[in-house]
Amino acid sequence: MITCGIEIKGSEVILCLLSKQDGLFQIADCRQTRHTLSHSDSAESMRKFQFMLKKLFEDYKVERVAIRERPTKGKFAGASVGFKIEAAIQLIDTVQVDLFSGAKTKEILQHNPMPIPFKATGLRAFQEGAFTVAYVALSERTIEA
């Protein structure tokens with residue numbers, strides 16, 4: 001099962017495709033790891049953005065999407081565009097979408113620490129948040145099982 005980890009920063013989504021088989025994690029190549037929503041006030045641009053993500057999920061056979069949750073208030077609160085993006089992703093009916101708070105992520109990482117440092121993954125530095133949330137989503141299932 002391929003999981004897509006997503007970190008939303010402003011009007012941009014950062015992606016990381018990760019799967020786990022026989023206890024081993026596999027990082028899948030993705031044709032584009034960053035997507036930006038332009039003209040967030042337009043319903044048409046939201047539809048195109050959502051369609052593009054849905055198509056990407058279908059092309060890579062993504063079954064689950066894990067989104068790094070952003071706070072709704074405070075110093076690190078997410079912007080309105082980010083919440084529109086989050087809603088557009090949650091409304092894609094071909095994948096299971098889960099949100100992971102910072103506290104939940106920390107708890108899962110305590111039980112399942114990453115087997116290798118992030119730098120050893122070969123991913124770009126900006127993908128660390130997306131990779132972490134994908135790893136946590138796949139590790140969560142081993143805790144529940």
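List of remarks:
- Residue check for residue 131: under 12 Å from residue 16 (Cα atoms) and either surrounded by 10 or more Cβ atoms within 10 Å (Cβ to Cβ) or modelled with pLDDT of 95 or more (or both): yes
- Residue satisfying all of: in segment 6-54; of a type in the set (S, T, N, Q) and within 15 Å of the chain's Cα centre (by Cα); farthest from residue 84 (Cα to Cα) among these: 19
- Only residues that are exposed (fewer than 13 other Cβ atoms within 10 Å of the Cβ) and in contact (Cβ under 8 Å) with a residue 60 or more places away in the chain were counted in segment 111-123, giving 2.
- Looking across 41, 29, one residue alone is among the charged types (D, E, K, R), within 18 Å of residue 134 (Cβ to Cβ) and exposed (fewer than 14 other Cβ atoms within 10 Å of the Cβ). It is 29.
- Here 89, 108 are screened, and the one residue that is in contact (Cβ under 8 Å) with a residue 24 or more places away in the chain, in a helix (DSSP H, G or I) and within 30 Å of residue 48 (Cβ to Cβ) is 89.
- Here residue 84 does not qualify as closer than 16 Å to residue 13 by Cβ, out of contact with any Leu (no Cβ under 9 Å at 6 or more places or on another chain) and not hydrophobic (A, V, I, L, M, F, W, C).
The values are calculated or read from the model by the stated rules, or taken from the named source; none is laboratory data. Owing to the predicted nature of the structure, the values given are computational and were not obtained by experimental measurement. Every residue, glycine as well, gets a Cβ built from its backbone with ideal geometry; the counts of neighbours run over all protein chains shown.
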